[in-house]
Amino acid sequence: MQDNATAPSNLVDYVTSCSLPTPWAQFTLHAFVEHSTGKEHLAMTLGDLSTGEPPLARIHSECLTGDVMFSQRCDCGAQLESALRRIADEGRGILLYLRQEGRGIGLVNKIRAYRLQEAGADTVEANLQLGFHADARNYELVLPMLEQFGIEAVRLMTNNPRKIDALGKLGIKVAERVPLLVNRNVFNDNYLNTKQAKLGHMMTPATEAALDSEA
């Protein structure tokens, strides 16, 4: 993979890569730039992804408060760590880190949404009160990022059916859904319940029947 190679679509450009040692494995970190926004998105890969069975994968939206500041208001930071641990355990996989803070509303607006939640709104109502969709993320840029590594099918670590649906519409097969249920606590219990009730998140372990229907 050469620096400044063009991604297979005009949504993002692949820029460069480097090694990234972590507590769990030495990943390779790849940088992409989104044309329309200038946002810098990342992929972390481990092992040979272009051949063999669909790799373990995670599409993770940026959450500065959870990923970096250890916020317990969500499960994002714990999901990020758990996903990297699982990929390291298997020795093969990919994590896409998308700069879509606050389900796409941005960091400052996410803090505004937190303020509304402290006044009684839930996570969906807060986004709507600020004039945004409940979930404003765009997963189209996932396609050129996965194509960069020759990936056509994944075993996706997610609780979010919208990610599975989005990948299917992009032509990426989700061969398996791997639940990512971590860090439920007194601060995020209502948040997780709201995601289940209003956004359809699957907050229970996958059953054999459910996996058959998702395949």
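The values are calculated or read from the model by the stated rules, or taken from the named source; none is laboratory data. It should be emphasised that the depicted structure is a prediction, and the values quoted were computed from it without experimental measurement. As a convention, Cβ positions derive from the backbone with ideal geometry for all residues, glycine included, and neighbour counts pool all protein chains shown. Just so you know, the surface numbers come from the protein's heavy atoms only, side chains and all, with ligands and any DNA or RNA stripped out. Shrake-Rupley method; radii C 1.70, N 1.55, O 1.52, S 1.80 Å.
Overview of values
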read-out	value
Long-range neighbours under 6 Å by Cβ, at least six apart or interchain, first residue open to solvent by less than 20 Å² (accessible area, probe 1.4 Å) within segment 155-180, second among the acidic types (Asp, Glu)	Arg177/Glu214
Segment 84-143, residues that are part of a helix (DSSP H, G or I), buried (at least 16 other Cβ atoms within 10 Å of the Cβ) and among the polar types (S, T, N, Q)	Asn109, Gln117, Thr123, Asn127
Any hit, segment 23-30, residues being in a strand (DSSP E or B) and on the phi > 0 side of the Ramachandran plot	no
Subset of segment 41-70 [part of a helix (DSSP H, G or I) and hydrophobic (A, V, I, L, M, F, W, C)]	Leu64, Val68
Output for segment 55-74, where each listed residue is of a type in the set (D, E, K, R), touching a residue at least 60 places away in the same chain (Cβ under 8 Å) and farther than 15 Å from Lys163 by Cβ	Arg73
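For (1) closer than 29 Å to His133 by Cβ; (2) surrounded by 13 or more Cβ atoms within 10 Å (Cβ to Cβ), each residue gets a yes or a no:
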{"site": "Cys18", "(1), (2)": "no, no"}
{"site": "Gln26", "(1), (2)": "no, no"}
{"site": "Phe32", "(1), (2)": "yes, yes"}
{"site": "His41", "(1), (2)": "yes, yes"}
{"site": "Thr45", "(1), (2)": "no, yes"}
{"site": "Ser71", "(1), (2)": "yes, yes"}
{"site": "Ala78", "(1), (2)": "yes, yes"}
